[in-house]
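J.: Would you mind keeping the following structure in view while I ask a few things?
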Amino acid sequence: MRNVFSVARRIITQIGMDRRTLALIIVAPVLMITLLWVVINGGLATPTIAVAGGPPAAFREALAKNAKIVDAASVEEGLRMVRDQKADALLDYSSGAPQLTLDGADPSVSALVGRVVQKTALTFLSSVPLMQGMLGNVQPTVRLLHGSLDGTAFEFIAPVMMGFVIFFFIFILSAIAFLRERTTGTLARILVTPATPSQLVLGYMLGFGFFAAVQTILIQFFTIVVLGIPAEGSFLSILVVNLALCLVALSMGSFISAFAQNEFQVLQFIPIVILPQVLFSGILDLRQAPDWVRLLSRIFPLTYGGDALRELMLRGKSLGAEWVDLVVVLGFAGLFMFLNALSLRRSKA
């Protein structure tokens, strides 16, 4: 037993002296549970429905109890609000028979709107005895701008999940590979050459980037072609966004590796760098989350990459329409490449 306690004492002392490991054990789980609690509780509960054509006043009043109502001056304006995601649906009474138009990209939102409208119609009919038996007059027909009525929830999160898988594996690949360059002394030998820090960073990006690009193409091909995930946009446009995410992961992973002494410490960055991006990248609906949560989501590159992938794959938009998201993702890559060069410049000095 003395040997058992001796080994245990050594492990406890070793971990107790490692502040980073202690933070991972104590702080990281509490942080992740808190973020999960905030994000999941901030999911969409009250849809926004644009109304055109003036539904019965009593029906509108009943609908307002279950949804946020916004008035559209015309059907065209209401459709524009749905396309711009300023409304989850358009309820059109302009032609007499009501029609409900949904974006359709997110099956969970479509189902929520459908439940709200159905509940409102039943409540309205039960409160107006003379209208009972006339469900067709208040229960609208449904049409979708995107997707289908038999779409699955996974199809909506698949674009972001694809981007995340690419980001995650390339981040780990670059962080560990760059760490080995440091720990084996290879980087130290390279630093004494005439090559500038910027040239070294670009060289590493090209070297690691070749294999990362191959992996990116493989993941996208498997997701879209083999798994059959719907993609309305072109394969090439989607690939451009994924390669931009690949570049961010490469540059971020190599930068993070400067703060690690071994592979285990690289893995310790996953709860801090990777998991928050999953929570805030759009897999969960954050529209009704606290303001600080939505603000926090804007500091992660995967938020912009996921948004662009979703618009391309689910709504069939062109790459030009998503240029802002693409520029922001490339901006993150440029930032971390600059930080890498700065770190190498200090090491060389």
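J.: Of the beta bridges DSSP finds with both residues in the chain, what % are antiparallel, to the nearest 5?
T.: Antiparallel: roughly 25 percent of the beta bridges in the chain.
J.: Using 7 Å Cα-to-Cβ label points, what is the Trp292/Leu267 separation (nm, one decimal)?
T.: 3.2
J.: As an exercise, use a Förster radius of 45 Å and the Cβ-Cβ distance of Thr141 and Leu206 to find the FRET efficiency, rounded to the nearest 0.05. Show your work: numbers first, answer last.
T.: Values: r = 55 Å, r/R0 = 1.23.
Calculated transfer efficiency: 0.25.
J.: May I pose another question? In deg cm²/dmol and to the nearest 500, what is the mean residue ellipticity at 222 nm of the chain if only DSSP H runs of at least 4 residues count, each as -39500 (n - 2.57), divided by the residue total?
T.: Working: 14 runs with 219 residues, N = 349.
One gets -20500 deg cm²/dmol as the mean residue ellipticity at 222 nm.
J.: Right, another one. Can you find, among Phe208, Cys246, Ala231, the residue sitting farthest towards the positive end of the charge dipole of the chain, where Lys and Arg contribute +1 and Asp and Glu -1 at Cβ?
T.: In the chain, that residue is Phe208.
J.: If you don't mind, there's one more thing I want to ask. Using the Karplus curve 6.51 cos²θ - 1.76 cosθ + 1.60 with θ = phi - 60°, what ³J(HN,Hα) values do you get for each residue of segment 239-251, in whole Hz, with x for Gly and Pro?
T.: Listing the rounded values in order: 5, 4, 5, 5, 5, 5, 5, 4, 5, 4, 4, 4, 5 Hz.
J.: Now for a separate question. Using the Cα centre of the chain as the reference point, and only Cβ charges (+1 on K/R, -1 on D/E), how large is the resulting charge dipole? Debye, rounded to the nearest 20.
T.: Magnitude of the dipole: close to 1520 debye.
J.: Considering the values (i) 50; (ii) 33; (iii) 28, which represents percent of Cα pairs over 30 Å apart as calculated for the structure under consideration?
T.: Comparing each candidate, only (i) matches the computed number.
J.: With an 8 Å Cα cut-off and a minimum separation of 6 or more residues, compute the relative contact order for the chain in percent.
T.: Numbers: 456 pairs, mean separation 69.7, N = 349.
Rounded, it is 20 percent for the chain.
J.: Where Lys and Arg each count +1 and Asp and Glu each count -1, what net charge lies around Pro159 among other residues with Cβ under 13 Å from its Cβ? Walk me through the numbers before you get to the answer.
T.: Working: positive: Arg310, Arg315, Lys317; negative: Asp106, Glu155, Glu232, Asp307, Glu311, Glu322, Asp325.
My count for the surroundings of Pro159 gives -4.
The numbers here are math on the coordinates, done by the rules we state, and not lab data. These numbers were taken from a predicted model, which means no experiment stands behind them. Neighbour counts are summed over all protein chains in view; Cβ atoms, including those assigned to glycine, are modelled from backbone coordinates with ideal geometry.
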